[in-house]
Amino acid sequence: MPEDNIVPSVAKNSLNFRWLILMAWRDSRRNRSRLFLFVSSIILGIAAIVAIYSFEYNLRQDIDSQAKSLLGADLVIETNKAVKEDIRPVLMALGDERSEERTFASMIYFPKNQGTRLVNVRALQGAYPYYGSIETSPAGAGTSFRASRSALVDKTLMLQFDAKVGDSVKVGELSFRIAGVLNKAPGQTGFSASVAPVVYIPLRYLEQTGLSQKGSRINYNFYFKFAENVNVDLLADKLEPRLEKAEMDAETVESHKEDTGRSFEDMTEFLALVGFVALLLGCIGVASAIHIYIREKINTIAILRCLGVSSKQAFIIYLIQIIGIGLIGSVIGAIVGTLIQQFLPLVLADFLPVEITVAISWAAITQGLLLGLVISILFALLPLVSVRNISPLNTLRISFQETSLFKDPVKWLVYLLIVSFVFAFTYFQMDSFRKTIYFTGGVLLAFLILSALAYLMMWLARKFFPSSWSYLWRQGFANLFRPNNQTLILVVSIGLGTAFICTLFFVQGILINRVTMSSSQNQPNMVLFDIQGEQRQAVRQLTQSMSLPVIQEVPIVNMRMTEIKGRNAASFKNDSTARGARRALDREYRVTYRDSLSDSEKITEGKWTGRAGQGQPVYVSLEDGFARRIDVKIGDKLTFNVQGTPMETVVGSIRKVDWNRIQTNFLLIFPAGVLEDAPQFHVLLTKVPSNEVSAKYQRAVVKTFPNISMIDLGLVLSVLDEILTKMGFVIRFMAAFSIITGLIVLIASVLISKYQRIKESVLLRTLGASRKQILIITALEYFFLGALAAGAGIVLALLASWGLAKFSFETTFAPEMLPVLVLFVLISSLTVLIGLFNSRGVLNKPPLEVLRSEV
Amino acid sequence: MGTILNIQNLTKTYQSGGSTLTVLDNISFALEAGSTMSIVGPSGSGKTTLLGLCAGLDRSSSGMVELNNIRLDNLTEDQRAQVRNEHVGFIFQNFQLLPTLTAIENVMVPLELRGERNIRSHAADLLDKVGLADRAHHYPSQLSGGEQQRVSLARAFSNSPKILFADEPTGNLDAETSEKVVKLIFDLNKEAGTTLVLVTHDLEMASKTQRIIRIKGGALISDELTSSGMLDKKNYAGG
C-alpha cells in the first residue's frame, strides 16, 4: 500500500513552529495598528504595577541603607512606665555612649502672640542621634540647644504661630528660647509631623517644667551607641528576659528596619492592588477587542483550515499574535512605569521616613513583564478558544456559531484559570487568605454587578424601546442592544473607573461628616485631660467663668490587668489560642468609675452595679468587643494592679458602647466606692462656640494649669482634613490609572466598533443620510453609552459607600450629589467626544473611498 | 486506473427547530482517478453540501466518503485537515485568498504547511503559468477578480493534489474572464493529471467535463457521461 493511503495521524502533522510564527507575523501585517490598540489597554496597568514595585524595591533598599539614621542609635530601649531602680545599673552599663529621652504630649504656649497648641515634647539628654542628625535651621541648633535652656520647635508650629528663632516658648511652667526650627527629627515623616508636631527641650529642665509628674503617659527612651564589632542583635536577645521583667522593649537597627519595612508593605500592597485593578480593566478591554478581531478572522481561519491547517495550528497562530502584543504592551508598560516611578516619591514624600532614591529596578520590570504577558494571554484565551471550533465549511458559507459556555468546557477552564490567577496574585501581595478572598470576591462582585447592570439596561432598552422617538434617536438608542454593541465592555470599564472616584469621594465625605457632625450642636468640641485632683475644682470654675458648659467630667485611674480567670501572663505565654488575653495583660488601662451608665452605653448581658457594696465583690463592666477578645463571661474573675495595689474584681455586666460619640468611653468601668482614693486624674469635656473663644480659653487654662493638655476638635478636624487630602491625592493618583485605562478601552472599543459600524454608516450615507444625521446618531449612541457607564459606576459607588458607612463607620450615609452629577456629565461628554473624534473618518470621506480603504 | 473518490449512501440532515431537514439523501457514486466530473443542479439542491462532504470539509450524517482510499467519515477534523493538505486542492467562487498575504505567499501556504522549504521558485513558476508573474507581491485587495481567481488556481495546484474541488469557479467573474479561467483550469488539470470535481450552474462548462451528475432536492437524479467523456472512453477502449 502506498504511503499516502495510510490514514493520517495527527502526530504526523507536526506543529511546524517556524511556519506558525511566520503565519502569525504575516497575518498581523495589515492589522498592526489595531493590534497595537488592544495592547494600549494593558500599558497603564503594567505601568502602575512596575512603578509601585520599583518604588517598593527602592524604598526597601533605602530603608536598608538609611536604617541606622532612621533609628539614630544602635539600640533603643523604651518603656512607658517609670524606670525601675534595679534595671538602671544595667542601662548605665550598656554601650559606649548613651542618651536618654522622655516624650509626652503637652500644651505649649507662645507668649509673643499668646498661641497655644498640643505638641509632642521630647526632653533629650546626650549626643543622640549617633547616626543621621536632627535637621534644623540654623544647622547647628540640633546640637547647641542642649547646652542652654533652649528648644527646637517644629517648622509647621513656627509658621502657624509666626515664631522666629530667638523668641521664647513656654513648656509647662518654664520658658525656653527657640534655638532653631526643627525640620526633621530622626525617623519622622512629614505626615507624623503634622499630626503631632515635635518640640525638643534639654532633659535636665524637664523637672522645672512641672510636667514630669503629670498623670498622662510619659515614654522613656534610652539610646545606645556601640563599637562597630559588637553584635547588638545578639545582645538585645540576651537582654530580653531582664527587659521584659522591667516592662521594657528593645529595638535594634535590624528590628526597626523590619518594622518600618512592614508598615510600608501595607501601603505598597494597597497601591499595587489598585494598579492590578487597572490591569484587569485593561485585560477586559483586550478580551473584548480580541473577540471582535477573531470574528473578523473567521474567514481567514476557515481558508487556512481548508488548506490543511489543524485547529491546534490555527489556535497557535493567533496565540502567537497575542503573546507578541502582550509582550509589546508589557514592555511599553514597563518603560512607562519606570518613568512614572520618578514621580512617586513626590506624591508619597509626606508618608516616608527616608529619602527615596529613584533607580531602575530590573526585578520590578521582570515581574511587570511576566504579569502583563500571563494576564493578557489568559484574558485573550477567552475569545481565542473559539478559533478551535471554526469549521473550514465557512469558506463555502458563513455559519459561525459561537460555542456557548456550557458546550465548551475549555472556556470554563479559562475562567477558572483567570480567577485562580487573580487569587494567586492577590495572595502573593497580601499574604493573607482572608484578605485575598475579600479582594478577589470584591473585584468579582464589582464586575458582576456592573455586568448585571449592563445587561439590565440592555434588556430595559429593548423592552421599553421608545418607538415614538424620531428615527435618529431611535437609531442611536437601538445601538445599545443591537449585535456588536459595546454596552457591556464600556459599562464595566468606565463604570469601574467612575465607581473608584466616586467611592473615594463619598468616603472622604463620610469621614469629614462624622467629625463635623460631632462638633455641631451640643456635642463637646474641646477635651481637657491630665487634670489633677486638686486642680479639678479650679478648672471647673475657670470653665464656667468663661460661660462654657462642663458637659462631662470623668475621673481616670491607670491600672494594669494581672490575671484573667486566675491565670497570669506567664501561664498564657505559650497558649497560642489566647492572643487576646496575652495582649490584654501586656497593656495599661485607663479606667473610670461611676454610679450610672452614660447615654452612649447599653447593658447587653449581666447586671449593672453602680456602687460597690461593703464586703461584696467588685463588679466591673466590660465593653462587649473587649470581653470577647479576652474571652471572659459574666462571673469571671479579673485581677488588676492599681498602681501597686492588687484588686480582685468580677465581671458583672457587658456593655455595648457607641464609640462614634465625642465623649470619653471606656473598655472597663468600675463601680463608685472603690477607686476614689487611688491616684487619678480627670478629663473635662466642654464646648467652645468659636475659634476666638477656643484660643482665649486655651490660653487661660495653659497659663494657670500648664500640665493640662487640651484637644481642640477644630484642630483635629483640620488635621484630619489634611491627612485625607494627602491620602486622597495618592489614591486619586492611582485611581487615575483605572480611569485612563477605562478611557483607552473606550477609545479602542470605539475604534473597533468603527470597523463594525462602518458598513452601516456608509450604507446610510449611500441611501442619502446627511453627515449631520450620521453625526447625531453616533453622538447619541455614545451619549447613551457614556451615561449608562457613568450611571452604573455611580450606582456601584453608592452601594459600596452605603455599605461602608453602615457597617464599617456605623454612621448614616447622606451623599453629596452635586459633584457626582458633575462627574456624570463629564464622563458622558468625554465618551461622546471620543466617539465622535474616532468616527470622523467615516463622516468626512465619500462613502466609496471608505468602503475601498476600510473594508 | 483506480477509484479516487467513492461515495456510498451519503446522507446529510440538519435539525431545524423540531424537524429534520434532509439536504442530501442517500447519494452514491464513484470517481476514477484522473477523470473530470461536474455536479449540477438548481440553487439549494445540495451541490455545495455534497462538495463539502466529498472534500472532507464537513461530516455526513450517514454513509461513507472514501478519498484516495481513506475513509473520511472515520477521521477527526484535524486528520481530515491533513488529508486536505496532502491530497486536495480547492477553488472557490469568491476566491478565498488570505487577505493579509501577497499573491506568492498565498500560493506558498499549502507547501509551507507540509514543512517544505525553498518553494518560492515553485510558487513563482505557478504564478507565471497563470500569467501573474509580475503581480507576485500584490495583496488580494490590489488584484482584480480574475487575477484573484488565477492566484487561487495557482494555489490549488501548488501542492500537486490528487483531486481538485471547484465550487462555481467563475460565478463571480465576467464572461470573458470566465472563459480564460475555465481554460486555465482544464489546461492545468490535464497537465497535472488531477481529478477534477466541479460544482456549477454553467452547463457549457459542465459539458467540458467527462461526466455530469445532477442533483435535485438532495437526491441524485442522473449520472451520465458527456460527449467528451464518451470520446475519452472510446479512446481508452480503442487505445
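The values are calculated or read from the model by the stated rules, or taken from the named source; none is laboratory data. What you are looking at is a predicted structure, and each value in this text was computed from that prediction instead of being measured. Don't worry about glycine lacking a Cβ; one is built from the backbone with ideal geometry, like all the others, and counts go over all protein chains shown.
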Inset, instruction - Please go through the stretch A:243-300 and pick out each residue that is touching a residue at least 60 places away in the same chain (Cβ under 8 Å), among the polar types (S, T, N, Q), over 30 Å from B:ASN106 (Cβ atoms) and part of a helix (DSSP H, G or I). - result: A:THR260, A:THR268, A:SER288
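Would you check if B:THR170 is β-branched (Val, Ile, Thr) and either more than 29 Å from A:LEU20 (Cβ to Cβ) or surrounded by fewer than 18 Cβ atoms within 10 Å (Cβ to Cβ) (or both)? If you could, list the steps in order and put the result at the bottom.
Details: β-branched (Val, Ile, Thr): yes; either more than 29 Å from A:LEU20 (Cβ to Cβ) or surrounded by fewer than 18 Cβ atoms within 10 Å (Cβ to Cβ) (or both): yes.
Here the answer is yes, as B:THR170 does meet what is asked.
Looking at the stretch B:21-117, what strands (runs of 3 or more DSSP E) fall wholly within it and have at least 2 residues that are facing another protein chain (nearest Cβ under 9 Å)?
Values: elements: B:36-40, B:62-67, B:88-91.
Output list reads B:88-91.
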Legend entry - Test set (1) at pLDDT 90 or above; (2) surrounded by fewer than 20 Cβ atoms within 10 Å (Cβ to Cβ); (3) of a type in the set (D, E, K, R) - B:ARG150 fails condition number: (2)
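Taking the criterion of being in a helix (DSSP H, G or I), more than 21 Å from A:ARG536 (Cβ to Cβ) and either modelled with pLDDT of 85 or more or among the charged types (D, E, K, R) (or both), would at least one residue in the stretch A:641-664 satisfy it? Show your work before the answer.
The initial filter retains those residues of the stretch A:641-664 that are in a helix (DSSP H, G or I), namely none.
Within the stretch A:641-664 (the criterion being in a helix (DSSP H, G or I), more than 21 Å from A:ARG536 (Cβ to Cβ) and either modelled with pLDDT of 85 or more or among the charged types (D, E, K, R) (or both)), the answer is no, since none of the residues qualifies.
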Legend entry - The one condition in (1) surrounded by 22 or more Cβ atoms within 10 Å (Cβ to Cβ); (2) at pLDDT below 80 that A:GLU849 fails to fulfil: (1)
Inset, instruction - Answer yes or no as to whether A:LYS312 is more than 14 Å from chain B (Cβ to nearest Cβ), surrounded by fewer than 23 Cβ atoms within 10 Å (Cβ to Cβ) and either at pLDDT 85 or above or touching a His at 6+ places or on another chain (Cβ under 7 Å) (or both). - result: no
Inset, instruction - Collect the residues in the stretch A:597-633 that are closer than 19 Å to A:GLU676 by Cβ, at pLDDT below 90 and in a strand (DSSP E or B), keeping them in residue-number order. - result: A:ARG611
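Take residues that are in contact with a helix residue (DSSP H, G or I) (Cβ under 7 Å, 6 or more places away or on another chain) and tell me which of the strands (runs of 3 or more DSSP E) falling wholly in the stretch A:119-207 contain 3 or more. Spell out how you get there, then give the answer.
Details: elements: A:135-137, A:150-154, A:168-171, A:174-184, A:198-202.
Counting at least 3 such residues, we get A:150-154, A:174-184.
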Inset, instruction - Go over the candidates A:ASP636, A:ASP677 one by one and state the one that is more than 26 Å from A:ASP575 (Cβ to Cβ) and surrounded by fewer than 19 Cβ atoms within 10 Å (Cβ to Cβ). - result: A:ASP677
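Can you confirm whether A:GLU605 is surrounded by 14 or more Cβ atoms within 10 Å (Cβ to Cβ) and among the acidic types (Asp, Glu)?
Details: surrounded by 14 or more Cβ atoms within 10 Å (Cβ to Cβ): yes; among the acidic types (Asp, Glu): yes.
Yes; evaluated as a whole, the condition is true for this residue.
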Legend entry - Qualifying residue in the stretch A:68-83 (condition: assigned to a loop (DSSP other than H, G, I, E, B) and of a type in the set (D, E, K, R)): yes
Legend entry - Residues of the stretch A:407-432 satisfying the condition of being at pLDDT below 85, hydrophobic (A, V, I, L, M, F, W, C) and surrounded by fewer than 16 Cβ atoms within 10 Å (Cβ to Cβ): A:PHE428
Legend entry - Which listed residue, of A:VAL336, A:VAL374, is surrounded by fewer than 19 Cβ atoms within 10 Å (Cβ to Cβ) and under 19 Å from A:SER738 (Cα atoms): A:VAL336
Legend entry - Evaluation of A:TYR109 against (1) among the aromatic types (Phe, Trp, Tyr); (2) over 31 Å from the mean Cα position of the chain (by Cα); (3) assigned to a helix (DSSP H, G or I) (one fails), failing number: (3)
Inset, instruction - Answer yes if at least one residue in the stretch B:226-239 is modelled with pLDDT of 90 or more and outside any strand (DSSP E or B), and no otherwise. - result: no
Legend entry - Residues of the stretch B:173-199 classified as in contact with a helix residue (DSSP H, G or I) (Cβ under 6 Å, 6 or more places away or on another chain), more than 14 Å from chain A (Cβ to nearest Cβ) and in contact (Cβ under 8 Å) with a residue 60 or more places away in the chain, total: 1
Inset, instruction - Kindly establish whether B:SER141 is at pLDDT below 90 and of a type in the set (Ser, Thr, Tyr). - result: yes
Inset, instruction - Go over the candidates A:THR366, A:THR338 one by one and state the one that is at pLDDT 85 or above, within 23 Å of the chain's Cα centre (by Cα) and of a type in the set (Val, Ile, Thr). - result: A:THR338
